[in-house]
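A.B. asks: Let me begin by handing over the structure; questions about it come next.
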Amino acid sequence: MTSTTITLLDGLPAGAIGKTVADTLRDDGSLNRMHALHAEVFAPCQGCWECWVASPGQCKANDAANGVMRDIMASDAMLWTTEVRYGCWAPVPKAALDRSIGLISPFFTRIDGETHHRKRYASYPRWAVLGVVDASTTDDERERFATLVARNTLNMHGTLPWVGFVEAGADKTTIRARVREALAALAAKAEEGKAPKLTPRPQRPGGRGVPPKPDGRSRHVVLWVGSAKPKGTSTSESLGGYLVDALVARGWTSEAVHVAHTVRIGRDQSPKLVEAVRRADLVVAATPLYVDALPALVLQGLRNLELAAKAEPGPMPAILPIVQCGFPEAGHNALAVDILADAAGRIGMPWVGHLAMGGGGIIDGMPLKERGGVVHHQAAALDAVAARLDEGGTVDEAMGQEFATPAIPGAAYRAIGQVGWVALALKHGSLLKLWDRPMEERTPT
């Protein structure tokens with residue numbers, strides 16, 4: 001019997017695997033707390049930062065998230081279970097993970113040359129993650145998921161995690177063996193090492209551009225906004241909207257759909273999203289980066305598009321992702337780009353290229369034209385992409401590099417950010433609470 005206390009975060013639908021995992025932990029005597037995440041309610045993270053500057057360390061939403069975070073911090077370790085799709089977390093456990101950012105500080109630090117957030121607590125629990133895969137899961141997806149979890153633990157100031165996999169139809173003996181591997185890893189001395197460092201992804205060759213309609217009709221572009229912020233307030237909408245406006249100026253028609261209004265976590269149908277995508281010749285998927293990957297709502301939307309494409313096969317529109325993050329380095333977006341490319345292939349959406357940038361906080365949801373010269377690289381890249389798409393071409397490496405060019409140097413971005421967090425805390429009357437630790441802390445073993 002181990003002395004390690006574990007919080008089980010079961011992100012699987014009710015079934016044999018989750019039950020076997022829980023039973024194994026009980027038999028071992030290590031199960032401290034348990035959350036069946038599909039049975040709990042998690043509002044999708046809005047990226048509002050209130051858990052950093054208004055009620056530091058806690059989310060404002062009255063749902064399961066704060067209780068989950070409290071139980072995480074009260075244990076030596078946590079064991080997650082999740083289905084693995086596109087080399088990423090499934091939507092339900094990702095919704096819980098997205099809500100974990102209050103466990104760290106908004107203030108920036110540097111780790112191995114990259115920008116991350118500082119600790120809020122003195123120490124954090126160790127991680128183990130059991131991913132459930134099926135026959136369609138590739139080796140690349142397994143490797144991507146393991147890399148993603150390592151990046152998650154880096155940002156959450158943990159040691160390198162244990163990551164294992166079981167097939168969806170695995171028997172109890174196999175599942176128990178994998179859980180015991182996790183327990184042995186969690187009970188052992190923390191493994192030293194570094195999480196993989198990411199660099200911006202080069203452009204994949206576009207499958208094809210979006211050719212003009214043979215009968216002269218206008219091509220139709222759908223802006224799919226992956227941020228859950230209110231309409232007109234997100235950086236993702238600002239960037240995607242600029243590109244769509246440039247296409248409309250060239251004779252395209254357009255519409256916008258927002259994940260917050262068309263997708264629900266844990267529901268495998270998104271009829272309004274599917275209908276809009278089927279009307280499109282091109283989908284511009286503009287999304288923020290949440291906890292090293294795509295937001296849970298975007299993952300759910302991709303899953304629902306794949307299910308719809310399988311239910312009613314037929315031609316699908318091309319896709320152009322625009323991904324941005326709040327760290328100054330564009331490389332943080334690399335896994336999100338890979339996840340989107342994998343999903344596009346499974347849905348059957350031709351890839352026309354991608355755009356990714358760091359330092360999205362410099363835009364702060366404002367229309368790009370109002371930000372002026374500070375974002376001239378991004379505006380120039382989007383103008384060039386619009387012209388290329390209108391000609392039936394695809395995004396090239398030069399356009400991607402132009403878009404990723406930092407608006408301001410990383411050191412200046414971090415300095416402005418540090419001051420900005422203080423200013424926001426002053427506005428909310430919470431300056432003296434910025435370093436609060438509202439969750440129960442375990443005694444490190």
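The values are calculated or read from the model by the stated rules, or taken from the named source; none is laboratory data. Predicted, not measured: the structure shown is a model, and the values here were computed from it. Cβ: placed from backbone, ideal geometry, glycine included. Neighbour counts: every protein chain shown. All accessible areas refer to the heavy atoms of the entire protein, side chains included, with ligands and DNA or RNA removed. Shrake-Rupley method; radii C 1.70, N 1.55, O 1.52, S 1.80 Å.
A.B. asks: Among the residues of region 123-145, which ones are under 30 Å from residue 167 (Cβ atoms) and open to solvent by less than 40 Å² (accessible area, probe 1.4 Å)? Spell out the reasoning first.
C.D. replies: If we filter region 123-145 for residues that are under 30 Å from residue 167 (Cβ atoms), which is where we start, we get 125-145.
Within region 123-145, 125, 127, 128, 129, 130, 131, 132, 133, 137, 141, 144, 145 meet the criteria.
A.B. asks: Here is a further query. Please work out which one of (1) within 24 Å of residue 345 (Cβ to Cβ); (2) open to solvent by 20 Å² or more (accessible area, probe 1.4 Å); (3) of a type in the set (Lys, Arg) is the condition residue 94 fails and give its number.
C.D. replies: (2)
A.B. asks: With respect to the numbered conditions (1) on the phi > 0 side of the Ramachandran plot; (2) in a helix (DSSP H, G or I), which one is the sole condition not fulfilled by residue 157?
C.D. replies: Condition not satisfied by residue 157: (2).
A.B. asks: Considering only region 44-59, state which residues are under 16 Å from residue 228 (Cα atoms) and either open to solvent by less than 40 Å² (accessible area, probe 1.4 Å) or assigned to a helix (DSSP H, G or I) (or both).
C.D. replies: Within region 44-59, 45, 47, 50, 51, 59 qualify.
A.B. asks: Going residue by residue through region 407-424, is there one that turns out to be without any contact (Cβ under 8 Å) to a residue 60 or more places away in the chain, open to solvent by 50 Å² or more (accessible area, probe 1.4 Å), under 20 Å from residue 324 (Cβ atoms) and of a type in the set (Val, Ile, Thr)?
C.D. replies: yes
A.B. asks: Residue by residue through region 19-40, note down the ones that are out of contact with any helix residue (DSSP H, G or I) (no Cβ under 9 Å at 6 or more places or on another chain) and in a loop (DSSP other than H, G, I, E, B).
C.D. replies: Scanning region 19-40 gives a single hit, 29.
A.B. asks: Quick one: which of 364, 281, 342 is open to solvent by 20 Å² or more (accessible area, probe 1.4 Å), within 25 Å of residue 106 (Cβ to Cβ), in contact (Cβ under 8 Å) with a residue 12 or more places away in the chain and acidic (Asp, Glu)? Steps first, please.
C.D. replies: On the way: 281 fails: within 25 Å of residue 106 (Cβ to Cβ); 342 fails: within 25 Å of residue 106 (Cβ to Cβ).
Going through 364, 281, 342 in turn, just one is open to solvent by 20 Å² or more (accessible area, probe 1.4 Å), within 25 Å of residue 106 (Cβ to Cβ), in contact (Cβ under 8 Å) with a residue 12 or more places away in the chain and acidic (Asp, Glu): 364.
A.B. asks: Scan region 367-386 for residues that are open to solvent by 30 Å² or more (accessible area, probe 1.4 Å) and outside any loop (DSSP other than H, G, I, E, B) and jot them down.
C.D. replies: Of all residues in region 367-386, those open to solvent by 30 Å² or more (accessible area, probe 1.4 Å) come to 367, 369-374, 376-377, 380, 383-384.
Residues satisfying the conditions are 369, 370, 371, 372, 373, 374, 376, 377, 380, 383, 384.
A.B. asks: Provide a single number: the residues in region 161-198 that are more than 22 Å from residue 78 (Cα to Cα), open to solvent by 80 Å² or more (accessible area, probe 1.4 Å) and at pLDDT 90 or above.
C.D. replies: Number of matching residues: 1.
A.B. asks: Restricting attention to region 295-310, does a residue exist that is assigned to a loop (DSSP other than H, G, I, E, B), open to solvent by less than 10 Å² (accessible area, probe 1.4 Å) and modelled with pLDDT of 95 or more?
C.D. replies: Just the residues of region 295-310 that are assigned to a loop (DSSP other than H, G, I, E, B), to begin with: 295.
Pick out the ones that are also open to solvent by less than 10 Å² (accessible area, probe 1.4 Å) and you get 295.
Retained after the next criterion (residues that are modelled with pLDDT of 95 or more): 295.
Yes - at least one qualifying residue is present in region 295-310.
A.B. asks: Related question: Could you list, in sequence order, all residues of region 238-278 that are under 15 Å from residue 347 (Cα atoms), in a helix (DSSP H, G or I) and of a type outside the set (A, V, I, L, M)?
C.D. replies: Hits for region 238-278 are 275, 278.
A.B. asks: Which of (1) basic (Lys, Arg); (2) within 17 Å of the chain's Cα centre (by Cα); (3) over 17 Å from residue 155 (Cα atoms) does residue 60 not meet, given it meets every other one?
C.D. replies: (2)
A.B. asks: From the list 99, 151, 120, which residue is under 13 Å from residue 291 (Cα atoms), of a type outside the set (Gly, Ala, Ser), open to solvent by less than 10 Å² (accessible area, probe 1.4 Å) and in contact (Cβ under 8 Å) with a residue 24 or more places away in the chain? I'd like the intermediate steps shown before the answer.
C.D. replies: On the way: 99 fails: open to solvent by less than 10 Å² (accessible area, probe 1.4 Å); 120 fails: under 13 Å from residue 291 (Cα atoms).
After applying the criteria, what remains is 151.
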